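One structure below.
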Amino acid sequence: MELSESVQKGLQSLADPMLFDLKTFSVLIEVAFRSLVSAHADSSVLDQPEFKRIDQMLLKHCHNAATTCILEGVKQNADKSTISSCLEDLRFDAERTDVFYSIYQKYRSDLETLLSSIGRCPPHINDVSWRLEYRIKNGHVHKVNEPSYLISLNVENANNGGSSEDLHFSCTMEQLQDLVGKMKDAAKSLEKATQL
Amino acid sequence: MSPFLTAFKNSPQSEIIFYVARKTGQQSLPVDISITLCLFWPTEGAARNRSFIHSCTNYLFALVLEKTPLEASRCQVHPQHQHKRLFKTVVSEFGRIAVEFLRRGTNPKIYEGAARKLSADAETVQHGVEGLMYLLTESSKLMISEVDFQDSVLVLGFTDELNQLLLQLYLEHRKEVRHILSELTPSLPHYHNLEWRLDVQVASRALRQQVKPTVSMKLHLEDRGEKSAKVLQTDPATLIHLIQELEKALAELKTTHCRRILRNIK
């Protein structure tokens, strides 16, 4: 895991028993993980009673370093040996490494889900609604007498802050059968791929 | 004078002459100003479906018989025998022009060409062709039966041959005219094609070593000849949900309720 110098310095401070005793260290690591997973940014995250004695600048620096290290670890899908060797290089003793790794295991899958949802993708279909109508006549042609479908796809645009819009189109029965047929082909090939 | 003639005479369009072609053997009524023919469509609440046609009829008679419209109205409605064939050709030619104009739009040069050939003025020819166009669009729009069409055209007092000609013109072209008219109706983009692709996302900037299956789709839509394509994405679970919903939609068409409605509204 490649970490920048400032992150390394922050982590080294965390490893120092003179600055952070074990209990304070554990609380800070727990707080760091929780702040990543929670949905809202909480400005009072560092207002724990255990942190009253510690210099606020140092606290912020260490919290920053811890969160960066955590995200790097999850991003690279780091295993125990990678994390252990990285932390040991930064002068973490075995106890603190264990504490870090156990909390890491606890929050790992949530963080992975979070990171996998970040990214650009084409508009994502969430839902479909349909309407069947029977066209009798209109202003230009009488005696039309044809059934027709109106389909609305609810599409979410991940790029513009999750705004969703509706895509409307009409189709005849044959066209809808064609559409469903093609979707079924896609589903079938998905099934085949999962069985490989 | 027949009752509906009286009604039209009192209409505010004072520059309109009313001419009624009667059947053979009777003299027509010479009246005042221009030429309008009233057609009654016997279907669908007859009283409401009166169409006024600015008709070429009398002008055609005048052209063929070389008389003024007013004089033509005083003759018996039978054109002279030696002009019968010429009359038929003229009408079928005008019919062909009318259909062509409905397909591709009007072309004023054709009026001038035809006018020169028939030694009449272009406005006359224009009225004639426009009358035929209107006859075709109205009858195709309402999709009237052969019998109704013949009854309607009978009011004009043409010969049987001419009636047959107009009927043939209508029957041959009505589907096409309806198709052209349907392009005027408001419409939404409709489905054209769907392309799909199965992808697995293996890594991104935010997270390496992923396995995330997605289905990418390109939905082709068409709106009056304008094609557009939208690239969309969905995940496997949503795809299955979409398929289930749309199959429900298709099944709906086969229910008794739907069938009853489709059967009874014809």
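Rule-based calculations on the coordinates, nothing more; no lab input. For clarity, every value in this text was computed on a predicted model and none was experimentally measured. Glycine also receives a Cβ, built like all others from the backbone with ideal geometry; neighbour counts cover every protein chain displayed.
Laid out as a table, the results:
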| item | result |
| --- | --- |
| Ratio of Rg to Rh over the range A:5-116 (Cα coordinates, Kirkwood Rh, two decimals) | 0.93 |
| Rounded tilt (10° steps) of A:5-15 against the dominant C-alpha axis of chain A | 60 |
| Relative contact order for chain A, counting Cα pairs under 8 Å that sit 6 or more residues apart, in percent | 17 |
| Gain in span if fully extended, residue A:1 to residue A:45, counting 0.36 nm per residue against the direct Cα distance | 13.2 nm |
| FRET efficiency estimate (nearest 0.05) - Cβ-Cβ, residue B:210 to residue A:150, R0 41 angstrom | 0.65 |
| Label point distance in nm, residue B:185-residue B:146, each placed 7 Å from Cα along Cα→Cβ | 2.7 |
| Zone residues, the range B:119-141, relative to residue A:140, backbone N less than 19 Å from point 7 Å out along Cα-to-Cβ | B:133-141 |
| The range B:168-266, relative contact order in percent, only Cα pairs under 8 angstrom and at least six apart counted | 19 |
| The range A:5-116 - percent relative contact order, Cα under 8 Å, separation 6 or more | 42 |
| Residues of type aspartates and glutamates that residue B:141 reaches as a straight line, Cα spacing below 18 Å, ignoring anything fewer than 8 places off in the same chain | A:146, B:44, B:100, B:130, B:151, B:172, B:176, B:183 |
| Cβ neighbours within 10 Å from other chains - mean over B:172-182 | 2 |
| Pair residue A:193, residue B:167: separation of 7 Å Cα→Cβ label points (nm) | 6.3 |
| Highest average packing first - B:158-170, B:178-190, Cβ atoms within 10 Å | B:158-170, B:178-190 |
| Residue pairs, from the table A:182/B:212; A:143/B:117; A:75/B:227; A:106/A:188, whose Cα atoms sit over 30 Å apart | A:143/B:117; A:75/B:227; A:106/A:188 |
| Residues of type aspartates and glutamates that residue B:230 reaches as a straight line, Cα spacing below 14 Å, ignoring anything fewer than 8 places off in the same chain | A:156, A:165, A:166, B:195, B:222 |
| Contour excess over end-to-end distance, with Cα ends at residue A:165 and residue A:184 and 0.36 nm allotted per residue | 4.4 nm |
| Shielding by other protein chains, A:122-135, mean Cβ within 10 Å | 5 |
